[in-house]
Amino acid sequence: MEIRKLVFSILTVITTSLAVAQDQPNLPDINPWLTDSVYPTSHHNPAQTDASPLDGPTNGRVLSAKDVSFSHQMFNSQPVVMKMGDEKIIISSGVSGISKIRATDGAFEEISFLPYPGFEKVAAKATPKAIDALIKKLDVARRAHDDKAILELSAEASRLGFDFRTVANGVYHMVDHEGFHYNVFGGVYVLKVTDGGDANAPLRIVKSINITDALPEDLRKTVSRMVGIGMTYEGHLVAAAPGVIALLDRDLKVLDVATFPGEFVDNSIAIDKGGIFVVTSENMYKLVWTGKKLSFKEDDGGWKSPYDTVDAKTALAMGSASRGSGTTPALMGFGDDEDQLVLISDADKDGAKLVAFWRNDIPKDFKQIPGSLSRRIAGSIPMGISKITAETSPVVKGYGALLINGAYPEPSSTPGDIFGNMFTGGVTRLAPRGVEKYQWDPKANQWSSSWVDYNVDNSDWMVPVVTNNNIILTPSKTGLRYEYIGLNWETGKLVGRWPMPDDSAKWNLSLGIAYLLQGGDLLVGGYFGSKRIELSGD
């Protein structure tokens with residue numbers, strides 16, 4: 001009897017495993033020009049789906065200080081990972097420079113820090129001692145619920161390197177298949193660094209260029225806040241800035257630029273084998289490289305579509321950090337999937353919507369949706385959780401998409417005060433709340449809402465991750481205490497909670513993206529440093 005039970009159990013496990021494997025949706029194509037890692041680039045992959053190929057933890061627990069490793073940095077958004085033989089190396093690019101961190105066998109130790117050219121003085125101010133002093137002041141103000149004191153600390157954060165002008169430094173970055181790291185900084189510079197293939201060596205600069213040197217003279221003055229960077233499937237770099245998309249080779253030689261004067265770019269780029277997808281303050285674009293030029297003309301295979309948005313002044317006054325859409329485009333539909341789409345949140349004055357655009361050819365029998373601005377728009381659905389824009393990108397798995405509400409109900413009176421908004425949200429002012437999962441129906445060509453959870457505190461504006469075993473890991477906050485929560489991707493039901501060690505602002509998870517490491521540890525950025533969080537407790 002016991003043998004029969006054992007055989008039945010084994011068969012059940014095998015059958016279940018096969019069913020799970022068969023149910024896994026198609027994934028984006030691996031880009032061979034990126035390093036061999038599950039996280040070679042921002043947002044997990046070139047399609048920017050934020051879907052992890054690893055299983056996530058399922059048993060919540062209260063974290064202790066020993067569960068969280070910390071590496072000081074005034075601010076960084078989303079570390080990336082590369083393997084060097086038996087070593088696991090983290091590259092964390094922040095507001096004033098780049099940290100190289102050893103993460104082998106549970107370690108989390110800084111090997112080197114490389115300031116950006118011209119940022120040496122501000123980087124020297126942001127010492128661990130200075131950062132800890134800022135955290136201490138912030139903790140006092142938060143625990144006293146002193147709104148004025150919290151907001152005033154934005155000036156000290158600026159002195160240590162973080163403000164609206166520098167937040168884009170290093171936010172989006174990547175490591176190529178030869179181990180070279182690329183990012184953007186200083187509004188106009190593209191940087192290439194290396195450690196020479198030596199896990200123990202410090203990072204050094206290979207080359208830095210001012211992208212405006214390659215621009216027409218009338219556009220040079222408009223480019224001051226370059227944000228996005230990505231790698232095409234031909235091995236070229238793409239950099240996005242206000243009014244400009246530039247294509248470069250990996251030696252940072254500019255091959256061509258596409259221009260759209262007067263349109264801002266405040267997010268990064270999605271890429272597939274067919275094109276480059278970028279959203280501006282007014283339009284969604286697909287650009288293609290013909291071999292001679294960058295083009296969004298339909299004759300070349302590209303396109304351009306307007307979407308609903310508000311003016312930049314209104315968006316910033318409502319607590320947005322972006323002009324137009326707040327989201328990096330995310331691709332949906334891969335391989336033999338019937339529909340292939342690109343998704344953003346718009347910035348409709350009557351309330352934000354999740355919008356899907358046809359990525360390639362528009363189906364011949366598809367009729368333009370009444371009230372939409374373009375036949376390129378495949379479908380949209382109002383986001384009841386947000387009034388202006390989601391601000392963090394859609395998380396995509398299969399035909400499901402998840403968005404969080406990033407609209408602060410009571411934003412700082414100083415437009416673009418990201419620091420003030422994040423640390424007053426849910427403390428002295430109302431927090432942006434709500435997570436919603438949507439489902440695309442490829443037969444009906446329309447969205448539906450699968451579920452919504454209004455309890456999640458999104459003050460941190462951090463992009464969730466969906467794991468291979470269908471768990472959403474997303475940051476939240478209960479009172480002053482930061483935490484990670486796990487929700488079931490299909491049902492939205494709570495899987496687990498992981499409260500941080502105490503109520504200190506040190507544990508914030510701001511403006512980043514969560515990455516799972518092998519073994520279930522979570523790698524996150526945020527204010528004050530990178531963090532490796534041992535969720536599983538194994």
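Every number in this text was worked out from the coordinates using simple rules, so none of it is lab data. Being a predicted model, the structure only gives us computed values, none of them experimental. Because the Cβ atoms are built from the backbone with ideal geometry, glycine has one as well, and the counts that use them run over all protein chains shown.
Using the Cβ-Cβ distance between I205 and V140 with R0 set to 60 Å, the FRET efficiency from 1/(1 + (r/R0)^6) comes to roughly 0.95. The charge dipole of the chain, taken about its Cα centre with unit charges on the Cβ of Lys, Arg, Asp and Glu (plus for the first two, minus for the last two), comes to roughly 820 debye. Placing dummy labels 7 Å off each Cα toward the beta-carbon, the span from K253 to E152 is 5.6 nm. Dipole magnitude for the range 307-538: computed about the Cα centre from +1 point charges on Lys and Arg Cβ and -1 point charges on Asp and Glu Cβ, it is near 320 debye. The aspartates and glutamates within cross-link reach of K192, meaning a Cα-to-Cα straight distance under 14 Å and a gap of 8 or more places when in the same chain, are D176, E178, D249, D251.
For the chain, the fraction of alpha-carbon pairs lying more than 42 Å apart is 13 percent, rounded to a whole number.
In this label model, K367 and K293 are separated by 3.7 nm, measuring between points 7 Å along each Cα→Cβ vector.
For the residue pairs K136/K506; K304/K349; K129/K506; K83/K207; K367/K443; K273/K443, alpha carbon separations beyond 18 Å are given by K304/K349; K83/K207; K273/K443. Partners of K437 within straight-line reach, counting aspartates and glutamates whose Cα lies under 15 Å from its Cα and excluding those fewer than 8 residues away in the same chain: D50, D453, E490. About its Cα centre, the range 24-132 has a charge dipole of approximately 400 debye under the convention of +1 per Lys or Arg Cβ and -1 per Asp or Glu Cβ, with nothing else charged. A straight chain from V38 to E410 at 0.36 nm per residue would run longer than the Cα-Cα distance by 130.1 nm.
A Cα-only calculation for the range 307-538 places Rg and Dmax at 17.7, 57 Å. For L516, the residues whose amide H sits under 5 Å from its own are L523, ignoring neighbours fewer than 5 places away on the same chain, with H placed 1.01 Å from N.
Taking a straight Cα-Cα cut-off under 15 Å and skipping sequence neighbours fewer than 8 places away in the same chain, the aspartates and glutamates within cross-link reach of K387 are D308, D311, D346, D348, D350, E410, E436. Please name which of L215, A201, I229 has its Cα lying farthest along the dipole of the range 187-319 towards the positive end, using unit charges on Cβ (Lys, Arg +1; Asp, Glu -1) and the Cα centre as origin. Of the candidates, A201 comes out farthest on the positive side. Applying the criteria of a DSSP loop state and at most 10 other Cβ atoms within 10 Å to the GluC sites (Glu not before Pro) of the range 209-287 yields no site.
Between the C-alpha center of the range 270-314 and that of the range 169-236 there is a gap of 21 Å.
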